[in-house]
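Since the structure comes first, as structure tokens, the remarks are kept for the end.
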Amino acid sequence: MHHRRLAVTVTALAVAIFSTACSGAGSASDTKHSAAPSSPAANAQSPAAGAPAALPYGPGPQAKYTVQAQAPAGSCHAGTSNGQPLPDPKCTPGALNPKVTPATLKETICKSGYTSTIRPPAAITGAEKTANAKSYGYTGSLHDAEEDHLVSLELGGDPNDPRNLWVEPPSPGHKPGAGPNNPKDAVESKLHTAICTGKTQLAAAQNAIATDWPNALAKLGLS
């Protein structure tokens, strides 16, 4: 009887020690997971100084571009602002070129001819345009729609990230068959000039064009 009680006591003690050890391991794991990521891969995805946290970074310019997969057919829905077309923020939130930062403006977007060196060829964007039209359920003429970078290349947008490209429908007043008429281009040009002359910050311009381009200039006090 005495030996039986001793065995039960030893077993209970072992279980208690094991439970304490597991509890301690769990606390250490929880602490590790709650800490800020410190791996190189995690840091590489962190926004550069001055970039809006809401906008993701794409892979950046590539030596050879490949056709990127688009969202499932009918899963994206365009909106409007002041009557102008806006992309679905879930499908096309915008994506940034990691090579463009406040410190590299003179060597990138503020350097004449820079965007022509990073623009994907028409064969790539053409295939993506056809697929993206299905994503948005766009049934109009593709000749009159533009495969548009939401954050344009001249504002530091990623060249071929699918989160930064969408089939932009014609704006109001468009003449069918006349090709794209995109007043967004003029907004992008003014924002580019403002960035390169120091009138606005890179991050502010990127965020404004990505969230509500028809009102971007007014939002930044540039209209």
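Going through (1) open to solvent by less than 70 Å² (accessible area, probe 1.4 Å); (2) in contact with a strand residue (DSSP E or B) (Cβ under 9 Å, 6 or more places away or on another chain) one by one, Pro89 falls short only on (1). With respect to the conditions (1) in a strand (DSSP E or B); (2) of a type outside the set (Asp, Glu); (3) open to solvent by 20 Å² or more (accessible area, probe 1.4 Å), Pro214 falls short on a single one, namely (1). For the stretch 109-121, give me each residue that is open to solvent by 80 Å² or more (accessible area, probe 1.4 Å) and free of Cβ contacts under 8 Å to residues at least 24 places away in the same chain. Passing the criteria: Lys111, Ser112, Ser116.
Here Thr193 fulfils each of the conditions (1) under 24 Å from Asp88 (Cα atoms); (2) modelled with pLDDT of 95 or more; (3) open to solvent by 60 Å² or more (accessible area, probe 1.4 Å) apart from (1). Taken over the stretch 148-158, residues that are under 21 Å from Val67 (Cβ atoms) and either touching a strand residue (DSSP E or B) at 6+ places or on another chain (Cβ under 9 Å) or outside any helix (DSSP H, G or I) (or both) amount to 7.
Residue-by-condition table, conditions (1) in a loop (DSSP other than H, G, I, E, B); (2) open to solvent by 50 Å² or more (accessible area, probe 1.4 Å); (3) aliphatic (A, V, I, L, M); (4) closer than 22 Å to Asn82 by Cβ:
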| site | (1), (2), (3), (4) |
| --- | --- |
| Asn160 | yes, no, no, no |
| Val167 | no, no, yes, yes |
| Pro180 | yes, yes, no, yes |
| Ala208 | no, no, yes, yes |
| Ser223 | yes, yes, no, yes |
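The values are calculated or read from the model by the stated rules, or taken from the named source; none is laboratory data. Computed from a predicted model, the values in this text were never measured in an experiment. In this analysis, Cβ positions are derived from the backbone assuming ideal geometry, glycine residues included, and neighbour counts consider all displayed protein chains. These area figures cover heavy atoms from the full protein model, side chains too; ligands, DNA and RNA do not enter into them. Shrake-Rupley method; radii C 1.70, N 1.55, O 1.52, S 1.80 Å.
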